[in-house]
Protein chains: 2
Amino acid sequence: MSNPCILCVAITGSLPTKANNPAVPITVAEQIESTQEAFEAGATIAHCHVRNDDQTPSSDPAKFAALKEGLEKHCPGMIIQLSTGGRSGAGRTRGGMLPLSPDMASLSVGSNNFPTRVYENPPDLVDWLAAEMRTYGVKPEIEAFDLSHIHQAVAMQKDGRLKGPLHIQFVMGVKNAMPADRDTFEYYIRTVKRLAPDATWCGAGIGRVQATLNEWSIALGGHTRT
Amino acid sequence: MSNPCILCVAITGSLPTKANNPAVPITVAEQIESTQEAFEAGATIAHCHVRNDDQTPSSDPAKFAALKEGLEKHCPGMIIQLSTGGRSGAGRTRGGMLPLSPDMASLSVGSNNFPTRVYENPPDLVDWLAAEMRTYGVKPEIEAFDLSHIHQAVAMQKDGRLKGPLHIQFVMGVKNAMPADRDTFEYYIRTVKRLAPDATWCGAGIGRVQATLNEWSIALGGHTRT
Ligand SMILES: [Zn+2]
Ligand SMILES: [Zn+2]
Ligand SMILES: [Zn+2]
Ligand SMILES: [Zn+2]
């Protein structure tokens, strides 16, 4: 196969706690162990969040540094992607780990609704995160929660705020954002091919639609997130 | 023509001041005069914002009441649509005029970026505005700034939060939101036809793309906003 399917594993996410699922890895040691299992099973990219000791979401650069160091040791060659998302309202602290120069980091380029709140990514924060990623040689994964986010990423590449080629993740299944809709998924792919022919893409289904999005992504030639 | 094109006139908007354009009608008296001219020229719907005396955006129900009364007198039969949008962060004051039972009111069902900020429409505010519109018999015009907003409006109709048939406006040309893109515009129309076949739609181009969106809307059988 000339275009191997890349598996991206998101072992923790920003919200689920041990109360939701006793298996969710919270501490850095648990995360490293869990990622190593996924790496040995074939995952290529680790999409990483870190947590405070009380399991609440964190962007602590020291925690990210420890996780990155452990993954480099236990999963040699795995692509490490740190999350700058999820912690709406936290401003620039969301990008405090970018000086660690991870291989990749997630980047939202627009705002949208989440189940109970607005996921706020104001334009000046987006531009600052993108500039930090250029400074520290971090490749962004664009989190497209809606169609305009694809257009925005392309505009940012055209005017130099993002370095190409783009890698865009289509996120579906978050309540009050884009549902898992096959027709839309195919239109996302057509839009990427039309506006940024050299871009790569992957699909991520949140919650119960995860397997659906994996299936669509593999069938249509993209990468995917488990 | 079995499906006449409906012209919707937005005489004021929420932001331009006399400094930007001396012709922009700010006071209620100016707005009534300007709308009457548009009505006599063939406009069917008046999309209305109100302003404070210093020209800043307002949602004052008393101002909306005076405007509505004047329009009913000077533009008999014209459809009056009051805006609940634009004033991000203002919360429920954005819907304080709904008890006036205007024919229509605008309703954003999702959040997105604007030129310099997040246009915040948190889920609980959206649900409250929709409930007020049901209570007071106000037909919403859904302001679709992005594709997921169409999906969200359809979901809200399905579970009874919105009364059908839907009327959806495709808004394009706001910086950091959806640009004026013909392919996307046509996909919006296909999406509405697929998910809500009884819905009506119109196109609104902001700023320099206004005429473009008018042209596309008329060519493709929708209503339009001038
Ligand atoms: Zn994540
Ligand atoms: Zn990915
Ligand atoms: Zn308006
Ligand atoms: Zn309209």
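The values are calculated or read from the model by the stated rules, or taken from the named source; none is laboratory data. Computed from a predicted model, the values in this text were never measured in an experiment. For neighbour counting, all protein chains shown are included, and Cβ atoms are generated from backbone atoms with ideal geometry for every residue, glycine included. Each accessible area value is taken on the protein alone, full model and side chains, heavy atoms only, with ligands, DNA and RNA left out. Shrake-Rupley method; radii C 1.70, N 1.55, O 1.52, S 1.80 Å.
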Which residues, counting only those in the range A:112-131, are buried (at least 19 other Cβ atoms within 10 Å of the Cβ) and more than 10 Å from every other protein chain (Cβ to nearest Cβ)?
A:L129, A:A130
State yes or no: is B:P102 more than 14 Å from every other protein chain (Cβ to nearest Cβ), more than 16 Å from ligand 1 (Cβ to nearest atom) and either assigned to a helix (DSSP H, G or I) or open to solvent by 20 Å² or more (accessible area, probe 1.4 Å) (or both)?
no
Enumerate the pairs (first residue in the range B:100-116 and touching a residue at least 60 places away in the same chain (Cβ under 8 Å); second residue anywhere and open to solvent by 20 Å² or more (accessible area, probe 1.4 Å) and assigned to a strand (DSSP E or B)) with beta-carbon separation below 7 Å, excluding pairs fewer than 6 apart on the same chain, so at least 6 apart or on different chains.
B:M104/B:I79; B:M104/B:K139
Is there any pair with a first residue in the range B:139-168 that is in contact (Cβ under 8 Å) with a residue 24 or more places away in the chain and a second that is charged (D, E, K, R) and buried (at least 22 other Cβ atoms within 10 Å of the Cβ) whose Cβ atoms are under 8 Å apart and which are 6 or more apart or on different chains, and what are they?
B:D146/A:D146; B:L147/A:D146; B:S148/A:D146; B:H149/B:E143; B:H167/B:E141; B:I168/B:E141
How many residues are free of Cβ contacts under 8 Å to residues at least 24 places away in the same chain, open to solvent by less than 30 Å² (accessible area, probe 1.4 Å) and not in a loop (DSSP other than H, G, I, E, B) when one looks only at the range B:175-216?
1
Working only within the range B:197-208, note down all residues that are in contact with a Gly (Cβ under 9 Å, 6 or more places away or on another chain) and either charged (D, E, K, R) or away from ligand 4 (no atom under 16 Å from the Cβ) (or both).
B:D198, B:G207, B:R208
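Would you point out the residue of the range B:217-226, among those that are among the small types (G, A, S) and outside any loop (DSSP other than H, G, I, E, B), that is nearest to ligand 1 (Cβ to nearest atom)?
Going residue by residue through the range B:217-226, those that are among the small types (G, A, S) are B:217, B:219, B:221-222.
Of the ones still in play, those that are also outside any loop (DSSP other than H, G, I, E, B) are B:217, B:219.
Numbers: B:S217: 38, B:A219: 42 Å.
My answer is B:S217.
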Give the number of residues within the range A:132-146 that are buried (at least 24 other Cβ atoms within 10 Å of the Cβ) and farther than 14 Å from A:L82 by Cα.
3
Can we say A:Q36 is polar (S, T, N, Q), open to solvent by less than 60 Å² (accessible area, probe 1.4 Å), away from chain B (no Cβ under 14 Å) and away from ligand 1 (no atom under 15 Å from the Cβ)?
yes
If we keep only residues of the range B:14-28 that are aliphatic (A, V, I, L, M) and in contact with a helix residue (DSSP H, G or I) (Cβ under 9 Å, 6 or more places away or on another chain), then the residue surrounded by the most Cβ atoms within 10 Å (Cβ to Cβ) is B:V28
Filter the range A:137-180 down to the residues that are of a type in the set (D, E, K, R) and within 14 Å of chain B (Cβ to nearest Cβ), then identify the one that is farthest from B:G173 (Cα to Cα).
A:K175
Taking the stated definitions as given, is A:P57 away from ligand 4 (no atom under 16 Å from the Cβ), at pLDDT below 90 and open to solvent by 10 Å² or more (accessible area, probe 1.4 Å)?
yes
Failed item in (1) touching a helix residue (DSSP H, G or I) at 6+ places or on another chain (Cβ under 9 Å); (2) open to solvent by 60 Å² or more (accessible area, probe 1.4 Å); (3) under 27 Å from B:E120 (Cβ atoms); (4) of a type outside the set (V, I, T), with A:G85 passing the rest:
(2)
